[in-house]
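This report refers to the structure that appears directly beneath it.
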Amino acid sequence: MDEHFDLIILGSGSTAFAAALTAQELNNTAVMTDERPIGGTCVNRGCLPSKNLIEAAKILHEARHPRYPGLTPCAIGLDFPALIAQKDEVVHDYRKKKYESLVGGQIRIEKGHVQFVDPHSVEVDGKRLTGDKVLIATGSHSVLPEINGLDRVPYLTSDLLTVDEDMELRELPKSILIVGGGYIALELGQMFSRFGTDVTILERGPQLLPNGYEPEVGRSIGEIFAQEGIQVVFNATAKAVRQDGAEVVTTAVVAGRERQYRAERLLVATGRRPNTDKIAIERAGVQVKERSEIVVDAYLRTNVPHIFAAGDVIGRQHGSQMATPVGSRQGGIAAHNALSGNPMKLVDHRVIPRAIFTDPEIAAVGMTEKEAIAAGHRCWCNTLPLSLVPRAGAIRDARGIVKMAIDVDTNEVLGIAMVGHNAGEVIHEAAMAMKFRAKIQDFIDLLHVFPTMAEALKIVAISRFKNPAKLSCCAE
């Protein structure tokens, strides 16, 4: 017999769980479906395992390269399989506490591959489930570029971080070639390099982070990578790959000339795309755009009135971003709109802070200078080196920059970007201020603890009117 639920949820990640918990709060039954480990990308093969290993790599690097005169470099031994085992333990513990323990009562999960049968029914490995309402929250997957021979050589994606799956990377490669220059390439590239792997990054454009970030950010982190010995090849397009013994040989066109690169492992990190191609979505009649994202309105409703979509599967519609906190927020809204009878619109996506966990960290919120100008703003923008921030000097880590963009007619701060120590924490002050449409004077007037990295925001704001290099500490 078919099992019936108030809400069927395709997926079991942060978006799906937020929806299931909202359904339970509204006294409705919900069932999630997934063929991979419960919890989705973030806990199993994304945010959590990557940040765990990145921090371990940072400890190794700082021991070998102390910033302070008087501290002697020391070599810490690396047992990579043991490091992977502790990463798996962290993931298992977090998955159990924050996901598996929440299943039960009005929340169910069915394991297996899910496909639509019709607009109200899905099938999970032969088991049929029906629902009054449906939410598609299947997340996203790595994009594979058109590279000749890619289907005939072993390659890695960000799934190498996974737990309890065959694609988990358990041995440290001697060398790795990374195709792509976005956030995944930067985080994993620096991590592998600090573990002792010889890293080469191929980026199609003239700088790292070519999309969605200020150009000064890409240049700054590129300089830092060069200082660490990470080779980045710009204007490089991978055309073909082949296996040659224990190595993968990649042929790339670099500035119009063909070159070859050899590495033990190949990592493809060229972006992500919504998971909508293997769920027989056409049987539900749901409209999908060219890049596989599901078309939704401001209430996260698809063109089929009882079917909703949230998280990575909607791409960048309505200003959304592919990020775990965004998906979680949307999952709750989608379930509320599906089940409450009192629908609410999506939250304002104008202010979504984001961070890349390189060392130093990269963080941004709001518009870039280019985006602000394209939106019709008359902008004042300025970029300062972090050497002007007292805290950076005190801890002997002045790597990085801070940039602010404002509307010169209203003085409202439109965007902030930072490369620097603890940038991922500092950016929340900027985000909170921008949420309430703070003006440049608000950043100047706020008293900051001295010395802190958050003073970077105050100092770059002051630079609109004065030269910060000519001011004493805390002076305005």
Placing +1 at every Lys and Arg Cβ and -1 at every Asp and Glu Cβ, with all other atoms neutral, what dipole size does region 318-429 have around its Cα centre, in debye to the nearest 20? 140 debye
Starting from the amide H of residue 272, placed 1.01 Å from N in the peptide plane, find each other amide H under 5 Å away whose residue is 5 or more places distant or on another chain. 143
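Please give me, ordered by residue number, the trypsin sites (Lys or Arg not before Pro) of region 444-473 that lie in loop per DSSP and have at most 14 other Cβ atoms within 10 Å. Don't skip to the answer; put the middle values down first.
On the way: sites: 458, 464, 466, 470; in loops: 464, 466.
Here the sparse-neighbourhood loop sites are 466.
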Would you kindly derive the ³J(HN,Hα) couplings of region 243-257 from the backbone phi angles with the Karplus curve 6.51 cos²θ - 1.76 cosθ + 1.60 (θ = phi - 60°), listing them in order in whole Hz, with x for Gly and Pro? 8, 9, x, 8, 10, 9, 9, 10, 9, 10, 9, 10, 6, x, 10
Identify, among 427, 325, 344, the residue whose Cα sits farthest towards the positive end of the charge dipole of region 311-453, taking +1 on the Cβ of Lys and Arg and -1 on the Cβ of Asp and Glu, with the dipole about the Cα centre. 344
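Per-residue counts of other Cβ atoms within 10 Å, averaged by peptide: what ranking do you get for 377-384, 35-42, highest first? All intermediate terms of the calculation are to be shown ahead of the outcome.
Numbers: 377-384: 17.4, 35-42: 21.6.
Packing order, densest peptide first, comes out as 35-42, 377-384.
Counting only protein heavy atoms and a 1.4 Å probe, tell me what percentage of region 110-183's accessible area is made up of carbon and sulfur.
Numbers: 1570 of 3290 Å².
That fraction is 48 percent.
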Principal axis lengths of region 423-476 from Cα atoms, whole Å, largest first? 31, 21, 16
For Kirkwood radius over Cα pairs in Å, with candidates [x] 24.1; [y] 24.9; [z] 25.6, the value calculated from the shown model is option [x]
So what are the ³J(HN,Hα) numbers for region 339-352, from phi and the Karplus equation (6.51, -1.76, 1.60; θ = phi - 60°), rounded to whole Hz, Gly and Pro as x? 10, 8, x, 9, x, 10, 6, 4, 5, 5, 8, 4, 10, 10
Positive end of the dipole of the chain, charges at C-beta (+1 Lys, Arg; -1 Asp, Glu), about the Cα centre: which of 135, 104, 441 has its Cα farthest in that direction? 441
Show me, for region 397-402, the HN-Hα J-couplings you get by feeding each phi into the Karplus relation (A = 6.51, B = -1.76, C = 1.60, θ = phi - 60°), rounded to Hz, glycine and proline as x. 9, 9, 5, x, 9, 9
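With a 1.4 Å probe and all protein chains in place, put 322, 167 in order of accessible area, largest first.
Details: 322 60, 167 85 Å².
The ranking, largest first, comes out as 167, 322.
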Long-range amide H partners of residue 140 with built H, under 5 Å: 275
Please report the antiparallel percentage of the DSSP beta bridges confined to the chain, to the nearest 5. 60 percent
Quick one: which residues, 5 or more positions from residue 379 or on another chain, have an amide H under 5 Å from its amide H? H modelled 1.01 Å from N in the peptide plane, none for Pro or chain starts. 408
I want to make sure I understand the PRE zone here: with the label point 7 angstrom from the Cα of residue 382 toward its beta carbon, which residues in region 394-434 have backbone N atoms less than 12 Å away? 403-406
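What does the helix-only formula give at 222 nm for the chain: each DSSP H stretch with n ≥ 4 adding -39500 (n - 2.57), the total divided by the residues, and the result rounded to the nearest 500 deg cm²/dmol?
On the way: 12 runs with 135 residues, N = 476.
The per-residue figure over the chain is -8500 deg cm²/dmol.
The values are calculated or read from the model by the stated rules, or taken from the named source; none is laboratory data. Quantities reported herein were computed from a predicted structural model and do not represent experimental measurements. Positions of Cβ are generated from backbone atoms using ideal geometry, with glycine treated the same way; all protein chains shown enter the neighbour counts. Heavy atoms of the whole protein, side chains included, go into the accessibility calculation; ligands, DNA and RNA do not. Shrake-Rupley method; radii C 1.70, N 1.55, O 1.52, S 1.80 Å.
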